[in-house]
Amino acid sequence: MHKEFLMGNEAIALGAAAAGVNLVSGYPGTPSTEVLETAAKLRSEGLEELYVEWSVNEKTAMEVAAGAAYSGARSMVTMKQVGLNVASDPLMSLEYIGVKGGMVILVADDPGPVSSQTEQDTRHFAAFSKVPCFDPSSAQEAYEMIQEAFEYSEKYATPVFLRPTTRVCHSYASVSVKEPYEYLCHRPEGFVKDSGRWVIFPRLSYQNHIKIEERNERLSDDFSSYSRNRIYPADKNNEQIKKGIISGGISFTYAMETLKDIGMIRLFKVSTPFPFPEKLALEFLEGLDEVLCLEELDPVLEQALTYICGKHHLSVKIFGKLSHHVQNAGESSRDSVTTDILKFLGTDVSYANMKESQAENTPNLTWAPDTPADALSAYPVLPPKLPVRPPVLCAGCPHRASFYAVKTAMKNKKTIFCGDIGCYTLGNAMPLNMVDTCLCMGAGLGIAQGVGRIEPDTSCFAFVGDSTFFASALTGVINAVYNQADMTLVVLDNSTTAMTGHQPHPGTGHTMMGNIVEKVHIEAVLRGIGVTAVETADPLDLEAAVSCVKRTAALPGVKAILFKSPCIAVSKPDKSMIVDPEICIDCRKCIRELGCPALTVQKDKVTIDSTLCTGCTLCSQLCPAHAICSEENRIDSSGKNKDKAAGGKTDE
Amino acid sequence: MNKNIVLCGVGGQGIVLASKLLASAAMEKGIPVMSAETIGMAQRGGSVFSHLRMGDDLYSPMIAYGTADLLIGFEPGETVRRIPYLKKGGKIIVSSRSIMPVTAALSGVSYQGERMISYLKDTLADLTVVDTEKACRDIGSSKVLNILLLGAALHSGSLDISEDDIKNEIRKKLPEKFHELNFSALEYVRKNSQQSSR
């Protein structure tokens with residue numbers, strides 16, 4: 001054993017490696033992405049027999065991992081919580097079939113949500129699909145828990161969930177990990193044909209349903225003696241308090257920090273929310289009058305306890321989200337948990353034990369990154385108004401140029417712009433204001449078609465990124481072609497999966513195994529489906545891009561524009577642009593229309609932040625006074641910049 | 001000894017790396033560490049933070065309001081935003097260079113870093129303003145911002161971590177071609193720490 005400073009997600013991958021995992025598949029999604037990336041890194045650093053892939057979407061990833069587990073391998077599939085919706089079809093059936101080798105379904109939940117569409121709770125998905133669920137509270141625990149999860153999975157021949165949340169996935173800690181020679185070596189037996197086992201039929205489903213229900217009752221008992229489900233006793237001087245806390249995941253760590261200061265009361269840490277460890281829960285409830293439930297997302301523990309109290313006729317009051325004592329949405333924080341605990345305990349525990357500063361600074365606030373204004377009011381002088389700082393498209397992002405081209409081309413026309421999931425969702429912000437709808441991965445295509453059916457005089461656009469195109473847009477395109485929709489598909493191809501940190505996909509031509517493979521060409525795919533009007537354009541060449549949109553959108557039926565320009569994070573920047581103050585007429589069109597973070601106003605003059613500018617030249621192309629040029633051009637014309645050819649990437 | 005540190009600023013400023021260097025330097029000394037930071041959508045030029053905790057008996061990587069010993073602010077306004085985390089008598093290191101949010105530029109609202117800095121000066125006793133604009137110009141790179149602030153934090157005396165400890169971590173964590181640049185930033189801060197202090 002040795003210690004490493006690891007991110008929770010890295011610890012999970014290392015834990016899987018220590019458990020002898022043979023195959024890891026997944027689809028990128030915050031906060032889960034680094035698990036698979038770390039697995040690929042471990043492979044390249046010596047775990048040569050491990051197979052790792054970014055699958056095209058979560059459904060495929062789930063099926064790949066299931067196939068491996070059918071063959072006796074230990075497999076792991078990784079995704080974020082909304083990815084599980086995509087993979088839910090194979091998941092629901094897989095539980096009826098079961099597995100031979102251990103299979104861990106790593107689903108990262110995102111309270112807040114910090115970077116997701118929903119605050120859905122995978123613990124509920126676990127109960128719905130009847131799949132056992134493990135809920136780690138720290139990087140260290142996640143490392144150990146995934147190894148145990150593989151064992152439970154094999155022992156009960158079922159896939160199991162490991163469900164960390166954002167603050168577990170993205171926290172770092174010094175974690176004790178095994179040496180590579182201590183890793184388990186798992187040799188898969190191979191697939192053994194048995195149609196009575198692997199082929200789902202109504203009769204088999206009925207029989208297996210009975211077995212699953214019976215097994216989950218046994219698992220509930222088994223989990224009551226699982227060491228990570230644990231009752232922490234009250235301190236000696238708090239033993240008379242007939243109040244207890246139930247918690248799990250990151251909320252458990254917040255509760256422990258608070259109780260460390262004010263003194264321990266009885267606490268039940270639940271690491272397996274499904275099947276719920278009922279016997280241990282009864283032990284915890286023994287002698288208690290009231291219980292506070294501290295958990296993020298849905299009131300899963302609260303409902304389980306309420307059910308148990310009803311079932312066993314216990315008169316214990318259960319406080320939490322259902323009773324409106326705890327916020328029912330958003331992320332918890334150290335301070336919100338402290339407030340909840342202090343309110344719950346009332347006069348039972350004195351504030352005197354609290355650190356002075358902490359008691360003073362414990363406003364009832366949720367974790368909001370923007371405005372802890374109440375907390376600031378503790379200071380004698382109020383601060384100047386703080387600017388809001390939402391995420392924005394990066395300076396030089398080609399998506400900005402694509403949106404601007406479509407906006408310019410379709411000015412004064414009746415349009416709808418259906419967006420999708422990725423960096424380009426940020427195109428909704430002012431001044432671009434180019435995302436009218438956004439629902440889920442690949443949905444823009446269907447939404448555009450539906451709107452078009454009801455409003456035939458509207459020009460319907462669907463925007464989709466390259467990775468999302470492969471993940472879930474294909475069926476939407478086929479539907480449009482087959483049902484003769486009238487719409488324009490705009491593929492924003494930046495040659496990477498940008499939002500989640502630049503993962504490869506079928507269009508990039510390389511895989512997580514380090515292989516260079518034939519690229520899947522988006523244009524060829526579209527033509528193959530039957531989209532005849534497909535044009536490819538460079539969005540950074542504004543004039544050409546605008547005329548491409550005008551030409552294409554005017555055609556009848558399904559047509560597509562492929563805007564190709566690499567993400568600034570995977571390409572080398574050009575020289576920064578500068579504004580010539582003598583030529584600038586201060587109309588501020590560049591700022592008003594583009595909203596590029598590199599364009600700012602300093603001392604009442606438009607200036608370009610050279611540390612951010614990538615030299616994309618978009619601003620210079622729309623400047624009516626031709627006041628924006630590259631530094632080089634300016635020097636070349638010895639201070640008198642009359643060079644109108646600053647536009648485009650013509651100087652390459 | 002337990003330490004709570006908050007690093008904050010705007011996505012893309014190198015906060016995560018600075019936090020990692022501090023954490024691994026502490027680990028090298030056998031001190032347990034935990035940290036948590038913003039990853040994902042907010043990284044695109046949004047308001048970001050890193051919480052870093054060192055010491056024994058840690059459960060949570062997150063810090064409670066009023067408990068940070070040190071706040072390292074990469075941007076004046078973002079620093080003001082995170083003041084509630086600072087404990088009484090805690091130290092602040094802040095970069096003088098402000099970053100205008102796109103929303104402010106668009107709406108014509110003037111956002112001035114100087115006002116934020118003067119608010120910090122009026123409100124808080126233990127403040128070090130690092131003239132990062134001048135420093136980056138003198139060094140000839142804007143990429144050293146995080147190391148400049150880290151250096152200033154080392155000289156604040158509230159960490160048990162030395163410049164050499166950080167140099168070791170830079171050697172381990174960064175490609176060799178960036179070593180000298182970052183070392184020169186550390187040296188620059190050491191030489192100027194007298195002047196840049198208020």
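The values are calculated or read from the model by the stated rules, or taken from the named source; none is laboratory data. Keep in mind the model is a prediction, meaning the values are calculated, not measured. FYI the Cβ positions are ideal-geometry reconstructions off the backbone, even for glycines, and counts take in every protein chain you see. Heavy atoms of the whole protein, side chains included, go into the accessibility calculation; ligands, DNA and RNA do not. Shrake-Rupley method; radii C 1.70, N 1.55, O 1.52, S 1.80 Å.
Sequentially through segment A:114-123, phi angles give Karplus couplings (6.51, -1.76, 1.60; θ = phi - 60°) of 7, 9, 8, 7, 10, 10, 5, 10, 5, 4 Hz, Gly and Pro residues having no value and appearing as x. Summary value for segment B:3-196: 21 percent relative contact order, contacts being C-alpha pairs under 8 angstrom separated by 6+ residues. By the rule of a C-alpha distance below 12 Å, with chain neighbours fewer than 8 residues away ignored, the aspartates and glutamates paired with residue A:211 are A:95.
Overall shape: oblate for segment A:487-597, with the ratio a/c of the largest to smallest alpha carbon gyration tensor axis at 1.5 or above and b/c at least equal to a/b. The residues of segment B:3-196 have, on average, 36 Å² of accessible surface per residue, using a 1.4 Å probe with all protein chains present.
If you find the alpha carbon centre of segment A:297-347 and of segment A:585-607, how far apart are they in angstrom? Cα centres, segment A:297-347 to segment A:585-607: 50 Å.
According to the square roots a ≥ b ≥ c of the eigenvalues of the Cα gyration tensor, what is the shape class of segment B:3-196, taking rounded for a/c under 1.5, prolate for a/b larger than b/c otherwise, and oblate for the remainder? Before the final figure, lay out the partial values.
Details: a/c = 1.42, a/b = 1.16, b/c = 1.22.
Cα axes put segment B:3-196 in the rounded bin.
Checking the a/c ratio against 1.5 first, then a/b against b/c, what shape does the Cα gyration tensor give for segment A:210-341?
prolate
Karplus-based coupling profile of segment A:105-111, in residue order and whole Hz: 9, 8, 10, 9, 8, 9, x, with θ = phi - 60° in 6.51 cos²θ - 1.76 cosθ + 1.60 and x standing for Gly or Pro. With protein chains left intact and a 1.4 Å probe, residues in chain A average 41 Å² of accessible area per residue. Excluding ligands, DNA and RNA and using a 1.4 Å probe, chains A and B jointly bury around 5500 Å² of accessible surface, summed across both partners. For segment A:238-323, trypsin sites (Lys or Arg not before Pro) are listed when DSSP marks them as loop and at most 16 other Cβ atoms sit within 10 Å of their Cβ; the list is A:242.
Charged side chains reduced to their Cβ positions (Lys and Arg at +1, Asp and Glu at -1) give segment B:3-196 a dipole of some 280 debye around its Cα centre. Peptide B:101-113 is shielded by partner chain Cβ atoms: per residue, an average of 6 of them sit within 10 Å of its Cβ. Between residue A:289 and residue A:527, the FRET efficiency from the beta-carbon distance, with R0 = 56 Å, is close to 0.20. Under the simplified labelling scheme, the residue A:516-residue A:128 pair shows an inter-label distance of 4.4 nm, with each label point 7 Å from Cα along Cα→Cβ. DSSP beta bridges confined to chain A are antiparallel in about 25 percent of cases. If you wrap the tightest convex hull around every Cα atom of the protein assembly as shown and split its volume per residue, you get 176 Å³.
In the structure shown, do any of A:130/A:311; A:411/B:143; A:3/A:80 have a Cα-Cα gap over 32 Å, and if so which? Pairs exceeding 32 Å: A:411/B:143. Were the residues from residue A:455 through residue A:322 laid out at 0.36 nm apart, the gain over their Cα-Cα distance would be 43.7 nm.
On full extension of the chain, what length is gained from residue A:189 through residue A:547, given 0.36 nm per residue of separation minus the C-alpha to C-alpha distance?
122.9 nm
The aspartates and glutamates within cross-link reach of residue B:167, meaning a Cα-to-Cα straight distance under 13 Å and a gap of 8 or more places when in the same chain, are B:28, B:176, B:180, B:187. If amide hydrogens are placed 1.01 Å from N in the peptide plane, which non-local residues have theirs closer than 5 Å to the one on residue B:111? So residue B:111 has HN proximity to no qualifying residue. Helices in chain A, meaning DSSP H runs of at least 4 residues, each add -39500 (n - 2.57). Divided by all residues, the mean residue ellipticity at 222 nm is -10500 deg cm²/dmol. Carbon-plus-sulfur accessible fraction, segment B:3-196 (probe radius 1.4 Å, protein heavy atoms only): 47%.
Over all other residues within a Cβ to Cβ distance under 13 Å of residue A:463, the charged ones net out to -2, with Lys and Arg as +1 and Asp and Glu as -1. What whole-number distance in Å separates the alpha-carbon centres of segment A:1-58 and segment A:448-516? If you average the Cα positions of each part, the centres end up 28 Å apart.
How much length is gained if the chain between residue A:176 and residue A:478 is pulled fully straight, taking 0.36 nm per residue apart and subtracting their Cα-Cα distance, in nm to one decimal?
Between residue A:176 and residue A:478, full extension yields an extra 103.7 nm.
3J(HN,Hα) along segment A:389-397: 9, x, x, 9, 4, 4, 4, x, 4 Hz, from the Karplus curve 6.51 cos²θ - 1.76 cosθ + 1.60 with θ = phi - 60°, whole Hz, x for Gly and Pro. Assuming charge only on the beta carbon of Lys and Arg (+1) and of Asp and Glu (-1), the dipole of chain A about its Cα centre is about 1080 debye to the nearest 20.
Seen against the Cα atoms of chain A and their longest principal axis, helix A:202-224 is set at about 70 degrees.
Each label was represented as a point 7 Å from its Cα along the Cα-to-Cβ direction; for residue A:313 and residue B:164 these points are 7.4 nm apart.
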